Amino acid sequence: MDCNFRIGNGFDVHRLVEGRELWLCGIRIDHSLGLLGHSDADVAIHALCDALLGALALGDIGKLFPDSDSRFKGIDSKILLRHVALEIKSRGWKIGNCDITVMAEQPKLRPHIDRMRDTLAEVMEIPPDRVSVKATTTERLGFTGRMEGIAAQASALLFR
Ligand code: MG
């Protein structure tokens, strides 16, 4: 029997450094530190892409967009997400919903959540009520708590 639902999860971490812009869930956030990476280092979009790809066992964004490829240097991660969403669509699948948790001690993300959801929804061409973005601290514990980096995890459900 065919399975008409697929679930995927993704996880990513990037280091926080000085002299970089902070991009999370497709929007730029004013902060003294930014995430280091080959692309814009949007850790939340990377986790989301991996959840979407994982649902169809298509590998991960490192496989699709290798950081050895100069075409992806400094790239807006929304472009990667768009590509992943189109890949899913082309295979006859639709995005049911997705749920992202960002782990960061600072900055406070609550004021940005709605714009993050709207931005991701627009890129994936789905209604914002199917996109959840949550933020948590890790109670000052670990590398996120010490503000050495930001982590994100995501789940996604696909259907056809
Ligand atoms: Mg990444």
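The values are calculated or read from the model by the stated rules, or taken from the named source; none is laboratory data. Since this is a predicted model, take the numbers as computed values, not measurements. FYI the Cβ positions are ideal-geometry reconstructions off the backbone, even for glycines, and counts take in every protein chain you see. Quick note on the areas: whole protein, heavy atoms, side chains included, nothing else; ligands and nucleic acids left out. Shrake-Rupley method; radii C 1.70, N 1.55, O 1.52, S 1.80 Å.
The residues in the stretch 118-148 that are surrounded by fewer than 20 Cβ atoms within 10 Å (Cβ to Cβ), touching a residue at least 24 places away in the same chain (Cβ under 8 Å) and closer than 18 Å to H14 by Cα can be counted, and the count is 10. If you go through the stretch 65-80 one residue at a time, do you hit one that is in contact (Cβ under 8 Å) with a residue 24 or more places away in the chain, open to solvent by 60 Å² or more (accessible area, probe 1.4 Å), of a type outside the set (S, T, N, Q) and in contact with a helix residue (DSSP H, G or I) (Cβ under 8 Å, 6 or more places away or on another chain)? No - not one qualifying residue is present in the stretch 65-80. Residues that are open to solvent by 70 Å² or more (accessible area, probe 1.4 Å) and of a type in the set (A, V, I, L, M) were ranked within the stretch 1-39; the one that is farthest from the chain's Cα centre (by Cα) is M1.
Checking the stated criteria, S90 turns out to be of a type in the set (S, T, Y) and more than 12 Å from the chain's Cα centre (by Cα).
Is the stretch 95-114 home to any residue that is under 16 Å from the mean Cα position of the chain (by Cα), under 21 Å from H38 (Cα atoms) and open to solvent by 70 Å² or more (accessible area, probe 1.4 Å)? Within the stretch 95-114, none of the residues are under 16 Å from the mean Cα position of the chain (by Cα), under 21 Å from H38 (Cα atoms) and open to solvent by 70 Å² or more (accessible area, probe 1.4 Å).
Is it the case that some residue within the stretch 129-136 is out of contact with any Gly (no Cβ under 8 Å at 6 or more places or on another chain) and part of a helix (DSSP H, G or I)? Before the answer, list the steps.
First, the residues of the stretch 129-136 that are out of contact with any Gly (no Cβ under 8 Å at 6 or more places or on another chain): 129, 131-136.
Keeping just the survivors that are part of a helix (DSSP H, G or I) gives 129.
Yes, that holds for at least one residue.
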